[in-house]
Amino acid sequence: MIAVQARRSHRTELIAVLGLRFAAGFVILAMVAVLGYLAFEGTKTFYVDKFPLWTFLFSPDFAVDAGHPGAAVFIVGTLAVTLFAIVVGGPFGIAVGVFLAEIAPYRMTQLLKPAIEVMVGIPSVVYGWLGLTLLVPLIRTHTSSPSGFGLAAAGIVLAIMILPTVITLSEDAFRSLPGSLKEGSLALGATRWQTITRVLLPSAASGLAVALILGIARAVGETLAIQMVLGNATQFPQGLFAPTAALTTEIVTDMPGATEGSLLEHALFSMALLLLVIAMLLIVFVRVALRRRS
Amino acid sequence: MIDAAQPATASTAADKIVARDVDVFYGSFQAIKNASLSMKAEHVTALIGPSGCGKSTFLRALDRMHDLTPGARVEGTILLDGEDIYSPEADPVVIRHRIGMVFQRANPFPKTIYENVIYGPRIHGERNRAKLDEIAERALRQAALWDEVKDRLHRSALDLSGGQQQRMCIARAVALSPEVILMDEPASALDPIATSKIEDLIGQLTEHFTVVIVTHSMQQAARISDFTAFFHLGEIVEVGPTNQIFTHPREKRTEDYITGRFG
Amino acid sequence: MGNVVHPSARSVAATSSVRARKLADGVATVILWAMASSIIVMLAAFIVYMVYLGWSALTPSFIFGMPKQTTAGGGIGPEIYNSFYILMLTLIFTVPIAVAAGVYIQEYALPGMFRNVVQFSAESLATIPSVVMGLFGLLVFVYLFHWQFTALGGALTLTLLNLPALMRVTQEALASVPDTMREASMGLGGTKWQAITRVVLPSAIGRLTTGVVLIAGRIFGETAALIFTAGLSVPFNHPYDLNPFRPAETLAVHLWYTHSESIVPDVDQIGNGSALVLLIMVLVFNVAARVLGRRLTTHFTGRSS
């Protein structure tokens with residue numbers, strides 16, 4: 001009897017594991033399909049329409065009707081918005097990360113961490129809507145900007161959106177430092193702030209770099225929130241308060257109107273492929289940096 | 001409980017640190033009960049006893065390291081040159097300048113050897129590069145490390161061997177010209193050769209500093225200390241000149257520990 | 001602050017240089033407190049703002065009514081329905097695949113080529129921005145399969161988007177169960193599969209559920225991937241049906257649509273109400289994730305973590 005039961009259980013397991021293997025294999029299949037098909041479609045601009053890659057990347061002229069889709073405007077827009085977001089949100093996030101790891105008493109952590117989790121849960125379209133209804137009018141009334149749309153609005157919204165990522169990763173970086181470092185510094189008569197700036201920050205540098213790079217990766221791929229406040233004008237960013245465009249916003253703005261197989265559609269897919277490549281490069285960089293540090 | 005008996009053969013050395021009726025609590029748990037001990041200037045006092053008996057806890061009370069542990073409480077009096085280090089006017093930053101500590105495991109900062117050693121003087125305000133260089137050399141000499149690292153001062157401290165790292169931590173502590181150096185089992189993680197280098201070092205340190213050392217090795221205590229205090233279950237059972245403690249202990253518990261009957 | 005004031009001045013009280021350093025320490029601490037508090041204040045302000053603006057819009061005719069194309073008074077009923085519908089569809093696909101793959105990687109896979117490739121695939125999928133995945137969905141489901149805009153297309157796209165996250169949640173939940181449990185079950189003569197289904201998974205179910213509900217919250221708010229796959233409209237005749245092969249504008253997409261393309265005069269009203277409903281759903285998912293997680297853990301293991 002026992003032998004029969006055992007055989008049955010083994011058979012069940014065999015079937016189950018087969019199923020599990022299939023699921024795991026599906027993941028591989030999915031990756032190959034997605035990356036492959038996107039690469040296929042995204043390179044049509046260069047192979048089918050015979051538009052040179054170099055010009056695509058660097059020409060400031062986005063004149064699709066004339067057969068010349070230069071994407072430099074959007075590339076610069078993406079870089080500009082991301083830069084703004086990381087310059088504003090990066091240090092702020094690291095500071096709050098230090099606060100959580102070294103200074104905050106338990107009660108404050110109990111309040112702050114759920115708040116950060118809620119922030120993560122808020123959909124990007126809601127952040128965009130908040131930017132649109134709150135921030136843009138504010139910018140319009142208090143600065144020289146005629147409409148309020150532009151880099152500043154998008155950058156601020158994006159900075160707020162990447163804060164949770166930077167904060168949690170920074171906090172982890174500090175918490176993973178051995179306590180003996182802090183002890184040693186304090187035993188030599190340093191104040192807490194001296195210990196943080198002179199010992200803890202330098203020691204956590206690689207973890208903080210990861211936090212920042214992942215924040216950047218998040219910013220590069222963000223679409224809706226900035227599309228609602230950036231202005232979506234196909235021009236290079238002219239200061240902080242003029243409307244401009246980024247890769248992600250351009251895709252959302254023009255794709256609904258693009259016909260299948262047209263040059264515009266191909267160009268937009270090329271932009272999508274470019275976004276993908278940038279995101280992957282950032283992640284690979286993080287992995288390489290991590291491996292070197294350990 | 002038992003009074004810290006003043007040894008009859010006490011040198012004319014002054015008391016550098018005097019602890020009187022010290023209690024240390026972690027929350028509601030009492031780790032140290034009624035500890036009283038006088039530590040003589042420019043001599044080595046060893047704290048011995050079985051694991052968990054409170055020697056490290058007592059040591060940490062001497063430079064106010066318990067301030068960093070939430071829930072820890074120190075009561076009683078601890079005097080440094082006659083001044084209470086726990087009085088409201090006393091500043092832990094100043095106290096830790098005058099009383100340095102070396103930990104059980106070397107904890108070099110991820111910086112160069114030079115940066116590590118001058119960390120103390122720098123955070124206390126010293127900026128003059130020449131002066132710092134001088135301090136670094138003096139400290140490394142006092143820690144018997146200078147010859148080994150003088151050509152690679154600006155390389156990472158993490159590249160040093162375990163024993164060298166620990167001596168560098170001693171140099172780091174000594175660079176501040178403290179008056180007292182507390183050592184918490186400084187050689188327990190090191191091999192015998194590195195250990196003996198550190199023991200030799202301790203002998204030389206008493207030229208300028210008062211040393212209080214926690215050790216789980218009775219042989220070490222016998223070799224390097226002038227006075228020994230025996231801890232058991234959070235109390236100081238007996239204190240006396242090292243010679244006397246090891247040859248004619250007065251308390252039964254001390255004798256049991258020394259002869260290896262427990263711990 | 002030139003020289004070290006050497007405390008061979010023999011006192012334990014603070015010197016002026018020490019006081020200066022403590023001042024710096026104090027100022028820095030205050031600034032950090034302010035920064036941390038500003039986050040809480042900002043979040044609270046957002047919530048208050050949204051409630052204040054959107055509360056009046058939450059009438060039954062709004063919550064359950066049909067959207068209007070050109071006139072005022074449109075509702076979001078079908079959109080809310082679509083949000084849940086697509087969420088359910090997505091979970092139906094994502095959960096089995098991701099959990100199965102996660103279980104395989106965590107419990108069965110031997111270190112080697114296959115395992116590495118699977119993990120690499122998951123991580124690669126995870127780096128894809130949602131708008132790019134939406135374009136993939138457009139390519140495959142709308143163009144290649146000729147489905148046009150469908151709820152199913154949206155759900156499948158979202159599946160691809162969330163597979164890596166759910167796999168990671170599964171792996172972490174499984175890893176949180178100590179090996180001693182597996183050993184105990186197999187030591188009594190069971191197969192590994194029995195150990196997993198009868199002991200490990202029930203132990204891990206709290207964590208797993210928390211993760212799934214949190215991911216569900218993210219799916220509920222997803223927009224960029226759905227614009228090109230599930231579309232911007234709801235079928236007028238059967239807005240609440242179960243047919244997956246029809247356009248299905250979700251609430252999140254609707255919020256975007258009203259503020260970029262729509263021409264109805266009461267855009268603000270609709271926007272305020274939609275945003276508030278989205279916010280409420282986020283908070284509900286957040287709280288539910290925690291509560292459900294805790295309840296399930298106590299139910300299956302008798303302990304509270």
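For this structure, a couple of remarks:
- Note on the range C:269-286: residues that are at the interface with another protein chain (Cβ under 9 Å from one of its Cβ atoms) and in contact with a His (Cβ under 9 Å, 6 or more places away or on another chain) amount to 2.
- Checking C:VAL103, C:VAL18 one by one, the residue that is surrounded by 15 or more Cβ atoms within 10 Å (Cβ to Cβ) and assigned by TED's automatic domain parsing to the domain that holds C:LEU242 is C:VAL103 and no other.
- Considering the range C:157-182, and only residues there that are surrounded by fewer than 21 Cβ atoms within 10 Å (Cβ to Cβ) and within 16 Å of A:ALA30 (Cβ to Cβ), the residue that is farthest from the chain's Cα centre (by Cα) turns out to be C:ARG168.
- Helices (runs of 4 or more DSSP H) fully within the range C:87-190 counting 1 or more residues that are within 11 Å of chain A (Cβ to nearest Cβ) and within 21 Å of A:ALA33 (Cβ to Cβ): C:113-127, C:130-137, C:151-175
- Wholly enclosed helices (runs of 4 or more DSSP H) of the range A:1-116 bearing at least 2 residues more than 10 Å from chain C (Cβ to nearest Cβ), within 30 Å of A:ILE251 (Cβ to Cβ) and of a type outside the set (Gly, Ala, Ser): A:44-47, A:53-58, A:72-98
- Qualifying residue in the range C:217-226 (condition: without any contact (Cβ under 8 Å) to a residue 60 or more places away in the chain, within 17 Å of the chain's Cα centre (by Cα) and surrounded by fewer than 24 Cβ atoms within 10 Å (Cβ to Cβ)): yes
- Qualifying position, being farther than 22 Å from C:ALA109 by Cβ and either at pLDDT below 85 or not β-branched (Val, Ile, Thr) (or both), among A:PHE26, A:PHE22, A:PHE51: A:PHE51
- Any chance A:PRO60 is crowded, with 20+ Cβ neighbours inside 10 Å and in contact (Cβ under 8 Å) with a residue 24 or more places away in the chain: no
- The one condition in (1) crowded, with 20+ Cβ neighbours inside 10 Å; (2) more than 18 Å from C:ALA230 (Cα to Cα); (3) β-branched (Val, Ile, Thr) that C:THR94 fails to fulfil: (2)
- Filter result for C:TRP55 (surrounded by fewer than 16 Cβ atoms within 10 Å (Cβ to Cβ), more than 13 Å from chain A (Cβ to nearest Cβ) and closer than 25 Å to A:VAL157 by Cα): yes
- Among residues of the range A:102-121 that are hydroxyl-bearing (Ser, Thr, Tyr), those with a Cβ under 8 angstrom from a residue that is buried (at least 16 other Cβ atoms within 10 Å of the Cβ) and modelled with pLDDT of 95 or more, sequence gap 6+ or separate chain, pair up as A:THR109/A:LEU100.
- Among the residues of the range C:191-208, just one is free of Cβ contacts under 8 Å to residues at least 12 places away in the same chain, hydroxyl-bearing (Ser, Thr, Tyr) and assigned to a helix (DSSP H, G or I), namely C:THR197.
- Which listed residue, of A:VAL125, A:VAL87, A:VAL120, A:VAL136, is more than 21 Å from A:VAL210 (Cβ to Cβ) and under 17 Å from the mean Cα position of the chain (by Cα): A:VAL125
- Within the range B:90-144, considering residues that are aliphatic (A, V, I, L, M), in contact (Cβ under 8 Å) with a residue 40 or more places away in the chain and outside any helix (DSSP H, G or I), the one nearest to the other protein chains (Cβ to nearest Cβ): B:MET101
- Residue satisfying condition, being away from chain C (no Cβ under 11 Å), part of a helix (DSSP H, G or I), in contact with a helix residue (DSSP H, G or I) (Cβ under 7 Å, 6 or more places away or on another chain) and without any contact (Cβ under 8 Å) to a residue 12 or more places away in the chain, within set A:LEU186, A:LEU181: A:LEU186
- Scope the range C:191-201; condition more than 9 Å from chain A (Cβ to nearest Cβ) and buried (at least 17 other Cβ atoms within 10 Å of the Cβ); matching residues: C:ALA195, C:VAL199, C:VAL200, C:LEU201
- Matching residues, the range C:81-95, being modelled with pLDDT under 95 and not hydrophobic (A, V, I, L, M, F, W, C): C:TYR81, C:ASN82, C:SER83, C:TYR85
- A:LEU38 vs. criteria of a type in the set (A, V, I, L, M), modelled with pLDDT of 90 or more, surrounded by fewer than 19 Cβ atoms within 10 Å (Cβ to Cβ) and within 21 Å of the chain's Cα centre (by Cα): no
- Residue in the range B:214-230 that is farther than 29 Å from B:SER38 by Cβ, among the polar types (S, T, N, Q), free of Cβ contacts under 8 Å to residues at least 40 places away in the same chain and not in a strand (DSSP E or B) present: no
- Restricted to the range B:186-205, and to residues there that are charged (D, E, K, R) and within 16 Å of the chain's Cα centre (by Cα), the residue that is surrounded by the most Cβ atoms within 10 Å (Cβ to Cβ) is B:GLU199.
The values are calculated or read from the model by the stated rules, or taken from the named source; none is laboratory data. If you're wondering where the values come from, they're calculated on a predicted model, not measured in any experiment. Please note: Cβ atoms are built from the backbone with ideal geometry, for glycine as well, and neighbour counts cover all protein chains shown.
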